[in-house]
Amino acid sequence: MVSHFSVNKVTKPFINADIMLNEYKLYKQMSSSREDVVKKYINGLVDSKSGTYVLVIGESLSRTHMGCYGYSKETTPWQSSIKNNPNAVFLENAYSNHTHTVPVLTYALTKINQYNGLDLKDAVSIIDVAKYAGGFKTFWISNQGKIGIYETPISSIASTVDKEFYTENNIDDPACSRFDEILVDELKKLDLSSQKNLIVIHLMGNHSAYQSRYPQEFIKFADDNRIVNSYNNSVYYNDYVLSKIYETVKEIPNFQAMVYFSDHGEDVIRNLGHNSASFTWDMARIPFWTIFSDSYIKENKDRYKSLKENTKKAFTNDLIFDYILGLTGITDSSIYSSKNDISSSDYACFKENLKTLHGNKSLEVLPDLDDMKKIWLHRTDSYKKVLELGNGYSGIEFDCVYHEDMDDFENSHDYSQSVEFYLNDSLKAFVQLKDWQNKKIWIDFKNLTEENKIAAERKLSELFSKYSIKKENCYVESNNWKSLDIFKKNGWQTSYYFPYYELSKLSSSQIDDIKEQTIKISKSGYVSAISFAFEYYDFIKTLEIDRSIHLLTWIAYVDRRDFECNEAYFPIIKDPRIKAILVKEFGHYHR
């Protein structure tokens, strides 16, 4: 007879107790192992910098949902406010070394990285080095669990700290229900009388379920689907928590620096979470920044300068170990590698030799940051769409129709008898965007003719002058390429709109005619660029067009997030001839 054990409210605690005991044994074994590693590799104190250093570890936060990293919604008002503070340094090109917390932090917090082949049992941790080599008093404050299949490896690394605090110890309740600001209260209780302190704060951050990560008063976003709204609200609350942590630590005597990074990102748009089996780059794109005290910058000018110079360089967070050691001055050569420290002038890691998923995915395929700035917002035909989405892009396209009877431009894809949306209003909104002076404009001129070109150019010049927008930052596009001459003559960038052809239905002689005509237009002197739908990319590349002619394209059927994460599109983003790529994002005001 087979007995089926029934799991219910009575039996479940006993099952959990058994699991808890097994996990506790593993925890004790790993803690003992950590002490052995410390004794093996570290003997006595080395030079280090005095002061209090704070390392904040976020959870499941993708920088693609952070306003301070260019997201169109302002989910991070505090971080955006400090980004231009000279004391703050935001790394723009940081990636996680994996997409799950345990593999990420077992690398980030120890000497192990994807490139040195060390085993965990043979690697010292940041805590170990700070405490036993640097003479720091060490603290670990966590809003995650201490014992469990997802917690024990991390708490083992933290086990050598002088003082620890965990809000959750129940293995059966991994989704912590306590909000992260509880850690601020614990932070205030710490005895920081030592001359050297290292505080590590591990947040619950933005881990699913997203709606459980913030109080009701932080519900700010309700204009997208439920999952995206909840995640954005959690990001908004996380920003508040970080502000409260900083407000607290900056008042600590001899405070030196606060470092923040996320363990990994999250693919929220596709609702994939951070499952490595369904890897997308949003799961690896993470925030990483440091805010320093005035005294630290004054006393460490070279390190601060090097970090500033390296802000656009690629980085994976398994190199946090060397960064923290460099920051705190524990630079003993047997432990520390300056080539892995992004605040060192010796930093020698590049996109081409960095990886994620523990060596299984290369960053080499990724476009550079400057390449990603080629992604512009398509069909922005109302000032409301400019204001809603414009901050997330380095360029914006406006469809325009010139009305001779009114001597004005309508911001519309099609001619309207009764004009509702004017280009004037959209340009007025454009100059309200952050960093608008460095943003670009693409004017798709729908009805340019020989008859209206002089009046239209004069009016467009008037509008741009009104808002102090530079002509050279704008492409004026039309299929009537001859009429672009007046724009080119007066300092505008101009682009020939390559028509839609069903190339598969054309004869070879017809295709040759199209090639010849396009090359002729490119040599006319009237155009600075050729613009075309994405499906003609391979065709355009076959043409012998002078490299001084820019190539502009649009991909109307792919959402921006899909475009940025799909490696099939990376070659066109990386193509140096391509200067702008229009992508779809509707928002709430698309027409």
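No value in this document is a laboratory result; all are computed from the given coordinates. Note that the coordinates shown come from a computational prediction; the quantities given were computed from them, not determined experimentally. All Cβ positions, glycine included, derive from the backbone under ideal geometry; neighbour counts span all protein chains shown.
So the values come out like this:
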quantity: Coil-residue GluC sites (Glu not before Pro) of region 347-430, DSSP, other Cβ within 10 Å capped at 11; calculated: E420
quantity: Total charge dipole magnitude, the chain, about the Cα centre, Cβ charges on Lys, Arg, Asp, Glu only, Debye to nearest 20; calculated: 1080
quantity: Segment A222-Y536, extension gain: residue separation times 0.36 nm, minus the distance between their alpha carbons; calculated: 109.2 nm
quantity: 20 Å cut-off, amide nitrogen to a point 7 angstrom out along V365 Cα→Cβ, residues in region 550-574; calculated: 558-574
quantity: Eligible lysines near K188 by straight Cα distance, threshold 22 Å, same-chain separation 8 or greater; calculated: K131, K137, K146, K163, K196, K244, K250
quantity: Low-density loop cleavage sites - chymotrypsin sites (Phe, Trp or Tyr not before Pro) in region 382-472, where at most 15 other Cβ are within 10 Å (DSSP); calculated: Y415, Y467
quantity: DSSP bridge orientation in the chain - percent antiparallel, rounded to nearest 5; calculated: 25
quantity: Shape category assigned to region 106-163 from the gyration tensor of Cα positions, a/c cut at 1.5; calculated: oblate
quantity: K470 versus D405: modelled label distance in nm, points set 7 Å from Cα along the beta carbon direction; calculated: 3.9
quantity: All lysines inside 17 Å of K470 as judged from Cα atoms, apart from same-chain residues fewer than 8 positions distant; calculated: K428, K434, K439, K440, K459, K488, K489
quantity: Pairwise label distance in nanometres, S524 with D425, each label 7 Å out on the Cα-Cβ vector; calculated: 3.3
quantity: Prolate/oblate/rounded label for region 224-333 (Cα gyration tensor, a/c 1.5); calculated: oblate
quantity: Amide H within-cut-off set for W442, under 5 Å, with H built and near neighbours excluded; calculated: I396, E397, F398, Y475
quantity: Farthest toward positive dipole pole in the chain [+1 Lys/Arg, -1 Asp/Glu at C-beta], among N473, W436, V104; calculated: V104
quantity: For region 407-500, convex hull of alpha carbons as volume per residue, Å³; calculated: 105
quantity: Helix 453-466 vs. the chain, principal-axis angle (Cα, 0 to 90°, nearest 10); calculated: 30
quantity: Amide H contacts of L55 (H built 1.01 Å from N, under 5 Å, at least 5 apart or other chain); calculated: I199, V200, I201, V259
quantity: Residues with amide H under 5 Å from that of M204, placed H, sequence gap 5 or more; calculated: N143
quantity: Computed [θ] at 222 nm, helices only, for the chain once each DSSP H run of length n ≥ 4 contributes -39500 (n - 2.57); calculated: -8500 deg cm²/dmol
quantity: Lysine pairs within region 274-411, Cα separation less than 17 Å, 8 or more sequence positions apart or different chains; calculated: 16
quantity: Pairwise FRET efficiency - S278 versus N254, Cβ, R0 = 41 Å, nearest 0.05; calculated: 0.35
quantity: D513 versus K312: modelled label distance in nm, points set 7 Å from Cα along the beta carbon direction; calculated: 4.6
quantity: Percent antiparallel among DSSP beta bridges (both partners in region 380-514, rounded to 5); calculated: 25
quantity: Prolate/oblate/rounded label for region 349-402 (Cα gyration tensor, a/c 1.5); calculated: prolate
quantity: Difference of contour (0.36 nm per residue) and Cα-Cα distance, D332 to A348; calculated: 3.9 nm
quantity: Positive-end residue, the chain charge dipole about Cα centroid, Cβ charges, pick of G587, L187, S334; calculated: S334
quantity: Answer label, with log10 I(q)/I(0) by the Debye sum over Cα atoms at q = 0.06, 0.08 Å⁻¹ calculated from the coordinates and candidates (i) -0.50, -0.77; (ii) -0.39, -0.64; (iii) -0.44, -0.69; calculated: (ii)
quantity: Mean separation of Cα contacts under 8 Å (6+ apart) over length of the chain, as relative contact order %; calculated: 14
quantity: Proximal lysines relative to K515, as straight alpha-carbon distance under 19 Å, when same-chain residues fewer than 8 apart are discounted; calculated: K482, K505, K523, K541
quantity: Selection of GluC sites (Glu not before Pro), region 250-308, meeting DSSP coil and at most 14 other Cβ within 10 Å; calculated: E251
quantity: ³J(HN,Hα) computed for each position of region 536-543 - Karplus, 6.51 cos²θ - 1.76 cosθ + 1.60, integer Hz, glycine/proline x; calculated: 9, 4, 5, 5, 4, 5, 6, 7
